[in-house]
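Here the structure is laid out as C-alpha cells; the discussion comes afterwards.
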Amino acid sequence: MSPKDSARPRRRAAALAALALALLAAACGKEGSPPVKGPQPDQLPVYRVATGLQLTASPTWRAAKRRGHLVVGAKEDQPYLGEKDPASGVYSGFDIEIARMMSASLGFPPKSIAFRTIASANRETALQNGQIDYYVGTYTINDLRKKQVGFAGPYYIAGQSLLVRKDEKGIDGPQDLAGKKVCSAAGSTPLQRIQREYPRATAVAYDTYSICVDNLLSLQVDAVTTDDTILMGFAAKAPDELRIAGKPFSKEPYGIGVPRGDTALRLALDDALETHEKNGDWKKAYDATLGLSGVPAPTPPAVDRYPTG
C-alpha cells in the first residue's frame, strides 16, 4: 500500500470526525444559535403575519386556531434544507423558511410553529392521522402520493443525483451503479427509482440520509442517492472527501404536503407561495440557506393548482 493509499482512511476518519464536531459545536452553542455553516438569523427574511384571516373552510386551520399554533412536519438532518440544532432544538434551512412563510400567511407567527421531525416513510401517515398540519421537507409531488395527501406548490424543482467519495473513479452517473451499494432513505422517491430503473445496483435503505453519508465515508456503501439539493449540503460540509457525480437524472418538484381532503388549506398555501415569490421573500430565504452551498437561486417554479380528484 502506497503512502497515498494509506492516508485515505485517515482522511475519511477525519471527515467523519469533522462532521461530528460540527454537531457538537452546534450543541455547545447558546439557545437559538444556528448550526455550523448554517443560516445566520440576521440574514433571514421577516415575514408579515396576516391579520383577520378566517380560513374556516379548512378543518386543519380551524384545529390549529383552537390550538393556538401550527404543527409542521420537517426533516432534521439535511444541511441548508431542514436541520435541527441538537442543543436548542431550533430548526433551520430553506424548507424551514418555506414553512415559516406559510405560517405567517395563515395568520400564525412563525416563531410559534411546533416543528416535528417525520421520516420520509411516515409522511403520509402523519398527515392522514392529523399528527401534523402540513409537511415541508424535500417532499416530491407525484400522482401516487396525490391519492393519499394533497400538495401545495411546487416551490422548488430538484433532481436526483449521486454523492460519492471524492477519489471515486468508477461512478459518473446511474449507468455505473451495477454491482454497487447505493444508499437512500426508506420510503423515498430516489430509493424507489434506483430499485425500479437500476435493478443491478444493490439498494440500501436507512431512515435518514445522514446515516447513508456516514456509511459512504466509512466505505460501507459506494454512493448515496437523493435530490441534488440534499447532496449539495452534505458535499459542502465535507468538500475534501465528497463530491456529486454527474448530472441530475430526474425532476423532483417539491411540494407542501397537506391532508388530502383539505382543499381550502392547499389553495391558501398556493396563494401564499405566489405572494412570497413575488415580494422577494422566497429568494431571500434561498440565499440565506440553500444558497450557502454555492448554487445560485433558480427561478421559482409555477404553482400547480391541480383540480381535486
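The values are calculated or read from the model by the stated rules, or taken from the named source; none is laboratory data. If you're wondering where the values come from, they're calculated on a predicted model, not measured in any experiment. A quick note on method: Cβ atoms are made from the backbone with ideal geometry, for glycine too, and the neighbour counts reach across all protein chains shown. Heads up: the accessible areas ignore ligands, DNA and RNA and are worked out on the full protein's heavy atoms, side chains in. Shrake-Rupley method; radii C 1.70, N 1.55, O 1.52, S 1.80 Å.
Per-structure values
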read-out	value
Matching residues, segment 161-170, being modelled with pLDDT of 95 or more and closer than 11 Å to I244 by Cβ	S161, L162, L163, V164
Close pairs from segment 237-260: first part of a strand (DSSP E or B), partner at pLDDT below 90 and β-branched (V, I, T), Cβ under 7 Å, at least 6 apart	E252/T189
Test: P154 is over 30 Å from D304 (Cα atoms) and modelled with pLDDT of 95 or more	no
Count of residues meeting criterion [open to solvent by 70 Å² or more (accessible area, probe 1.4 Å) and either of a type in the set (A, V, I, L, M) or on the phi > 0 side of the Ramachandran plot (or both)] in segment 293-309	1
Subset of segment 121-173 that is of a type in the set (V, I, T) and within 16 Å of D95 (Cβ to Cβ) - its residue that is surrounded by the fewest Cβ atoms within 10 Å (Cβ to Cβ)	I157
Options R100, R116: the member that is open to solvent by 40 Å² or more (accessible area, probe 1.4 Å), over 22 Å from L231 (Cβ atoms), part of a strand (DSSP E or B) and touching a residue at least 40 places away in the same chain (Cβ under 8 Å)	R116
Unique residue being more than 16 Å from Q160 (Cα to Cα) and either more than 19 Å from the chain's Cα centre (by Cα) or hydroxyl-bearing (S, T, Y) (or both) when the list is T202, T229	T202
Residue that is open to solvent by 60 Å² or more (accessible area, probe 1.4 Å), modelled with pLDDT of 95 or more, of a type in the set (S, T, Y) and more than 20 Å from E83 (Cα to Cα), where the choices are T275, T263	T275
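Each row is one residue, and each column tells you yes or no for (1) open to solvent by 30 Å² or more (accessible area, probe 1.4 Å); (2) closer than 21 Å to G82 by Cβ; (3) of a type in the set (V, I, T).
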| site | (1), (2), (3) |
| --- | --- |
| G179 | yes, no, no |
| S188 | no, yes, no |
| Q192 | yes, yes, no |
| E197 | yes, no, no |
| A223 | no, no, no |
| I230 | no, yes, yes |
| K237 | yes, yes, no |
